[in-house]
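*Asks:* Attaching a single structure in structure tokens format; questions to follow.
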């Protein structure tokens, strides 16, 4: 049967166009799946490249965030080194004694008071002795710790000014609650300085509870 069809095709004077049409038809049938595969692969490649771009961007953002967290952690540690809390006040007491001696003053009395802690609210004032009313709008997970230190020193006015400057620069989170000056000796070249200092620290609620 096939031989007869081929013989008839050879005898047909229109065999050229027929052969071309059949060949084209077979080619199209063969190529259509390949075209589908090509466009499917092209779309998939585009999606993969977009996924890679997003991943690279997230990686860059993560690196930036990591550097920012590192910078903030460094700044926080620097600030924490300048605070005085219940756990660090006795070590700082020794530093105060050294500052008094280095500035040429004489220590008469140094007393560490009882530390007090209260919730820290948004817009709060550390000098406010009465805690603010905690509401849903102003609540935080922070606790303000206030550590009082009472000291009495004597020396020249120049030495006492130097002492106050050193204390303030060494512990900027400090407030002079009260200060009194009294002349010392008949010539009054020396004075007595009585101080009540408040040192502050701010901690997370969970950390403050431990």
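Just so it is clear, none of the values below were taken in a lab; they were calculated from the coordinates. Everything numeric here is computed off the predicted structure, so don't read it as measured data. FYI the Cβ positions are ideal-geometry reconstructions off the backbone, even for glycines, and counts take in every protein chain you see.
*Asks:* Using only alpha carbon pairs under 8 Å that are at least six residues apart, calculate the relative contact order of the stretch 89-209 and give it in whole percent.
*Replies:* This gives 29 percent for the stretch 89-209.
*Asks:* So, one more: Specify whether the C-alpha gyration tensor of the stretch 168-207 places it in the rounded, prolate or oblate class, a ≥ b ≥ c being the square roots of the eigenvalues: rounded for a/c under 1.5, otherwise prolate if a/b is larger than b/c and oblate if not. Present the calculation step by step, with values, prior to reporting the outcome.
*Replies:* Values: a/c = 5.79, a/b = 3.65, b/c = 1.59.
Here the stretch 168-207 falls in the prolate category.
*Asks:* Among 59-66, 193-200, what's the highest-first ranking by average C-beta atoms within 10 angstrom per residue?
*Replies:* 193-200, 59-66
*Asks:* Specify whether the C-alpha gyration tensor of the stretch 89-209 places it in the rounded, prolate or oblate class, a ≥ b ≥ c being the square roots of the eigenvalues: rounded for a/c under 1.5, otherwise prolate if a/b is larger than b/c and oblate if not.
*Replies:* The shape class here is prolate.
*Asks:* Just to be sure I understand the model, the point goes 7 Å from the Cα along the line to the Cβ. What's the resulting residue 59 to residue 88 distance in nm?
*Replies:* Inter-label distance under the simple model: 3.9 nm.
*Asks:* Also, I was wondering about something else. Neighbouring Cβ atoms within 10 Å as the yardstick, rank 167, 192 fewest first.
*Replies:* Arranged by neighbour count, lowest to highest, 167, 192 become 192, 167.
*Asks:* While we're here: What's the exposure ranking of 144, 164, going from fewest to most Cβ atoms within 10 Å?
*Replies:* So the ranking, lowest neighbour count to highest, is 164, 144.
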